[in-house]
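Structure first, then comments.
The values are calculated or read from the model by the stated rules, or taken from the named source; none is laboratory data. All of these numbers come straight from a predicted model, not from anything done at the bench. Note: ideal-geometry Cβ built from the backbone for every residue, glycine included; neighbour counts use all protein chains shown. Please note that ligands, DNA and RNA were not included when accessible areas were found on the heavy atoms of the full protein model with its side chains. Shrake-Rupley method; radii C 1.70, N 1.55, O 1.52, S 1.80 Å.
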Amino acid sequence: MCGIVGYIGMKDARDIILSGLEQLEYRGYDSAGIALFHQQEIKIFKDKGRVSHLRDICDFSFKTGLGIGHTRWATHGEPNHKNSHPHISNSGRFVIVHNGVIENYKKLKIEYLSNYEFYSDTDTEVIVNLIEYFSKSYSGREAIRRTLNELEGSYALLILDKEEPEQLYIAKNKTPLIVGAGESGITIASDVIPLAGHCTTYTSLNDKVFGVVQSKSFQLFDYLGNDLSVQMKKFNINNEDFEKGDFDHFMLKEIHEQPSIIRHLVQEYFDNEKIAIPKKILDCIKSSTKINLVACGTSMYASYMAKYYFEKLCNIPSEVFVASELVYSTPLIVDKPCFIYLSQSGETADSIAVMKKFLAKGFPSIAITNSPNSTMAELATHHLNIFAGKEIAVASTKAYIAQVVTCAILAKALSGQKTNLKNNLNKTAMAIEKILEEKIIIKNLAKQIFTASDVFYIGRGIDYWVCLEAALKLKEISYIHTEAFSSGELKHGSIALIDKDVPVLAICTQEGTNSIVRSNLTETIARGAKGIVIAMESLSDPTDDIILPDVAHYLTPLVSAVVCQLLAYYVAVLKGNDVDKPKNLAKSVTVE
Ligand code: G6P
């Protein structure tokens, strides 16, 4: 989704903003722009395309310590020059960048701005002109406050006022905005990454807060204009966390980090052989009669594994809900459910909307995220960290593995039984290392797949849950149409899609379903498909394509998923795709 970076201080604002926007590229975007204050003028450079293109069109002949920048992921209007941010008010006094969606922009346009010209298709241009409208009767700050009180929807805003060259304005509602302070200035961004190297302390803004930022200090206010106190946290994130190192892509680096993440989770959540999940979290779940898991995308597929663990390892009925559906269609709620939200970013708008809805109804919520300072972590009754480290590639890999492992540990803790999980997880980490050492086999398999226009994954039980994630991974970065089927369902319709040479990948890791999945695969081969088998060593045939090292039967998704991640990666590389920044996708989806 859109990324925002602003800077005011002694350093070169253009440099900090352009580098910051590059660091936010992982969020997904289609246009980029920057506004720089220079000698009472605000100079704007923007266009469709990458930040590298913005660098090419940006004027480097002057230095300035104040500017705002933006990467846009189109919501209102196609990606082009006129819709790129920053946007400017009719008189040229105010300049704005915006991340989010204004729901009532049409109404505001009719109500206040009939005399204004609009040059883009965006909702953002309404905000900047509304500020100008109010500025005819009020100060810049008051005009901004009045505008914010009119807006409905989500936004993180940075605003420049040509009449105030010593400051910039910020505002936030439902979309993240972080303010970081360092010795030489203040940096504002949608994520902590652009703050690294410039800030020693930082704070995340709460909803419906706006502020005035100067080079050495900033003040925050509520929408009535009351001063708010600010709690700064120590900034201790290194630049290396955001670098690829020797890997060609962040995705490959993140896939390789998975064994150490599993070991880290063991360290965090085990005290010798005993599981050490905070008691308040266990009590919260134990006092409920059902677990409702809520998530989107890859986190939703990790939730299916969590459901399996909660039901099989500790007998708690569990159900998985797609957040975007649950916002609008409330299921029948019986007894005493507890809501568990899985989210890598902790900023996914659909999941946040559900969390707010059910918190308001009095249901406890547990956020399982990779971002302890995120909106979801802060809103939830309880938070559990998955300790995956910053995930940069848009296609999630290590966060999935970390979510599944965290939920397995949580389920074992809830069961209260003696467990061999610690050993089993260490063994699984070694199994993944073996897969990574032999990844050439998967690279070769990718050559059989990358020219296909359709690919199918099939499996049963937990293998089917992995198929769903595997299919998502492949379509996200290879752009090949990929579907996951429960292998038993194929013959009830979808087998009609099987054609000559369509790759059908069967995941076979469970003793109880191995032979039936293989016979379902044979049915597709009989209709021309190219059958590919990914099987556990103990269940394998000599002709199988990928053999997975044996691990505990309930942890097999951790190894089969890694194979599917690597396969998606190599297919995307063979296709020449931008693996870390696939088209149309965003890492953190902050609009509903
Ligand atoms: C986006 C990302 C996916 C991610 C999903 C949910 O669609 O591209 O990789 O799984 O959002 O994100 P979350 O941060 O809530 O896990």
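Data overview
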quantity: Residue check for S52: open to solvent by 20 Å² or more (accessible area, probe 1.4 Å), more than 22 Å from I186 (Cα to Cα) and either aliphatic (A, V, I, L, M) or not in a loop (DSSP other than H, G, I, E, B) (or both); calculated: yes
quantity: Of residues in the range 317-358 being acidic (D, E) and not in a loop (DSSP other than H, G, I, E, B), the one farthest from the ligand (Cβ to nearest atom); calculated: E319
quantity: In the range 495-539, the residues that are open to solvent by 20 Å² or more (accessible area, probe 1.4 Å) and aliphatic (A, V, I, L, M); calculated: I495, A496, L497, I516, I525, A526, L539
quantity: Residue match in the range 575-588 (condition: in a loop (DSSP other than H, G, I, E, B), more than 16 Å from the ligand (Cβ to nearest atom), modelled with pLDDT of 95 or more and open to solvent by 30 Å² or more (accessible area, probe 1.4 Å)); calculated: yes
quantity: Meets criteria (closer than 28 Å to Y133 by Cβ and of a type in the set (G, A, S)) for G69; calculated: yes
quantity: Residue satisfying condition, being over 20 Å from L555 (Cα atoms), at pLDDT below 95 and open to solvent by less than 10 Å² (accessible area, probe 1.4 Å), within set A367, A393; calculated: A393
quantity: Residue among I42, I96 that alone is in contact (Cβ under 8 Å) with a residue 60 or more places away in the chain, part of a strand (DSSP E or B), in contact with a strand residue (DSSP E or B) (Cβ under 7 Å, 6 or more places away or on another chain) and open to solvent by 20 Å² or more (accessible area, probe 1.4 Å); calculated: I42
quantity: Residue among K312, K274, K279, K336 that alone is touching a Ser or Thr at 6+ places or on another chain (Cβ under 7 Å) and open to solvent by 60 Å² or more (accessible area, probe 1.4 Å); calculated: K336
quantity: Filter result for V571 (crowded, with 24+ Cβ neighbours inside 10 Å, under 28 Å from D248 (Cα atoms) and β-branched (V, I, T)); calculated: yes
quantity: All positions within the range 3-25 that are open to solvent by 10 Å² or more (accessible area, probe 1.4 Å) and under 20 Å from the mean Cα position of the chain (by Cα); calculated: E22, Q23, E25
quantity: Test for G33: is it modelled with pLDDT of 95 or more and open to solvent by 10 Å² or more (accessible area, probe 1.4 Å); calculated: no
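Rundown of residues vs (1) in contact with a helix residue (DSSP H, G or I) (Cβ under 9 Å, 6 or more places away or on another chain); (2) loosely packed, with under 15 Cβ neighbours inside 10 Å, yes/no style:
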site	(1), (2)
L158	no, no
D161	yes, no
E166	no, yes
Q219	no, yes
I255	yes, no
H264	yes, no
